[in-house]
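Have a look at the structure below, then the notes.
The values are calculated or read from the model by the stated rules, or taken from the named source; none is laboratory data. No experiment lies behind these values; they were computed from the predicted model shown. Cβ placement follows ideal geometry from the backbone for every residue including glycine, while neighbour counts extend to all protein chains displayed.
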Amino acid sequence: MEEKQKFDDEKLKQAIEIVNKLPYPNELVWHEARASKLDLTIIDKHEHTTLEKYQYSFLANLSYDTRRKMQNLGLIVIDINELNACNTITSSYSLPVRIYSRRHDVEMSCADFWNKKRSEVLDIAKVQMMKYLDHYKPEDLPPSHRALENECAITLFKSGIPGCFPATLVTFLIDEIVKLPDFKRFNPNNIHMLDISAGWGDRLLAACSRKYKYTGCDPNSAMQDIYKEIIAAHGNADDQRVICSPFEDWDAKYHQNIQSNFMLSSPPFFNLEIYSNESTQSSERYPVINDWIEKFLKPSLKKASEILTFGSPVILHLSDVIDFKNSSKSIIFVDGIIKWCVDKLGWKLIGNYGFTTRDMDKESEDEDVRKDKDEKKLNPKGVVKKYNNGMRCNAKGEYFSQALWVFRT
């Protein structure tokens, strides 16, 4: 037993030496995944995503007028395994950039944590690696450097990295809205998608999975090569493109001949997430919420309305920034934007989808093996989640959802 323990200790020491020299944990995995030309079928088919009826527990921060006009379109439930598979595809492209972003209430990005607090990351990862020994495949059993590297990546991920928009949600939404009476004439086989905030490339990947035309805009210059790589691997430069520009600045000469007939976008939730320090980022340009609304969000939506053909579906992922610990710090703006879209742009508010995740392989919602309350984290104060208006997904309040607001131009 002593010889085995000594042998394990030596292997662990070797693993630490290898991982300590890495530019970033699991970086090689991203490159290998992209080189294999990932299959987008799971995004296209969304086989394990379902739509359920549900009752709101409450609709905080929404006016009576908004509630009166909207329909409860249902709760979209994404299988956690399907979501993870889709996010793996997106992350293989976007993570080299995404690790430099952070949430506003986190002191530094994942990349900064790794570069500045590497020993702390390794200490946490070592404990976690041995704790979850039974959950590793035989070939990855600790103490191997790949197991330790994976635990370092998980530890960094839990520090509060900005999340992806589920790519499978895009195709599911398109397949659902064609069932609504307001969109009975909408042709899902001839889509030109407009995205005012291309983000991490999730919606671009979804468009490529179905060969839709796609025009996106994003000011993050670090993502431009990533977008081009996605299009080269899965799309067509004649059909999909992303312009490096804040959408509110996008010159008319670029879109004068474009007639998009569908819009799905997830604009920033003001300053909830810090994507880069570039001056073109909306929260950098307009650090005061009222300026951000009047000079970024409204002008962007107005410009989008001018590009979209009459009767186009518009789906916006919008959320107030809710601080559940201190409500006075919450930033409430969604209801006002919904009213503005209806009153000023002339859009019809169709309704709202909630969406959440669930493990379809489990009969009960048992606590995940890694949801350990005693687990040490790099960011002990936690992060503010992206919940819309504090809305719960069912009467029992078992799940939280995020909101997708559906309009017709």
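Structural remarks
- Residue selected from the range 45-64 under the condition at pLDDT 85 or above and not polar (S, T, N, Q), by the criterion surrounded by the fewest Cβ atoms within 10 Å (Cβ to Cβ): Glu47
- The set of residues in the range 195-213 that are in contact with an Asp or Glu (Cβ under 7 Å, 6 or more places away or on another chain) and among the hydroxyl-bearing types (Ser, Thr, Tyr) comprises Ser197, Ser209.
- Exactly one residue out of Ile124, Ile78, Ile99 is closer than 22 Å to Leu404 by Cβ, modelled with pLDDT of 90 or more, of a type in the set (A, V, I, L, M) and buried (at least 19 other Cβ atoms within 10 Å of the Cβ), and it is Ile78.
- Residue check for Ile161: more than 20 Å from Trp405 (Cα to Cα), touching a Ser or Thr at 6+ places or on another chain (Cβ under 8 Å) and either surrounded by fewer than 22 Cβ atoms within 10 Å (Cβ to Cβ) or among the aliphatic types (A, V, I, L, M) (or both): yes
- Where a residue in the range 16-27 is without any contact (Cβ under 8 Å) to a residue 24 or more places away in the chain and surrounded by 14 or more Cβ atoms within 10 Å (Cβ to Cβ) and its partner, wherever it lies, is among the hydroxyl-bearing types (Ser, Thr, Tyr) and in a loop (DSSP other than H, G, I, E, B), with Cβ under 7 Å and at least six apart: none
- Residues of the range 286-329 that are without any contact (Cβ under 8 Å) to a residue 12 or more places away in the chain and among the polar types (S, T, N, Q): Asn290, Asn326, Ser327, Ser328.
- The listed residues are Leu73, Leu83, and the only one of them that is modelled with pLDDT of 90 or more and part of a strand (DSSP E or B) turns out to be Leu73.
- Output for the range 160-202, where each listed residue is in a helix (DSSP H, G or I), closer than 26 Å to Tyr275 by Cβ and out of contact with any helix residue (DSSP H, G or I) (no Cβ under 9 Å at 6 or more places or on another chain): Phe172, Leu173
- Tally, over the range 276-296, of residues that are touching a Pro at 6+ places or on another chain (Cβ under 7 Å) and not small (Gly, Ala, Ser): 3
- The criterion of at least 3 residues that are at pLDDT 95 or above and not assigned by TED's automatic domain parsing to the domain that holds Asp112 is met, among helices (runs of 4 or more DSSP H) falling completely within the range 203-287, by 224-234.
- Any hit, the range 262-285, residues being in contact with a Cys (Cβ under 8 Å, 6 or more places away or on another chain), surrounded by fewer than 20 Cβ atoms within 10 Å (Cβ to Cβ) and touching a residue at least 24 places away in the same chain (Cβ under 8 Å): no
- Residue selected from the range 28-44 under the condition under 22 Å from the mean Cα position of the chain (by Cα) and loosely packed, with under 15 Cβ neighbours inside 10 Å, by the criterion modelled with the lowest pLDDT: Lys37
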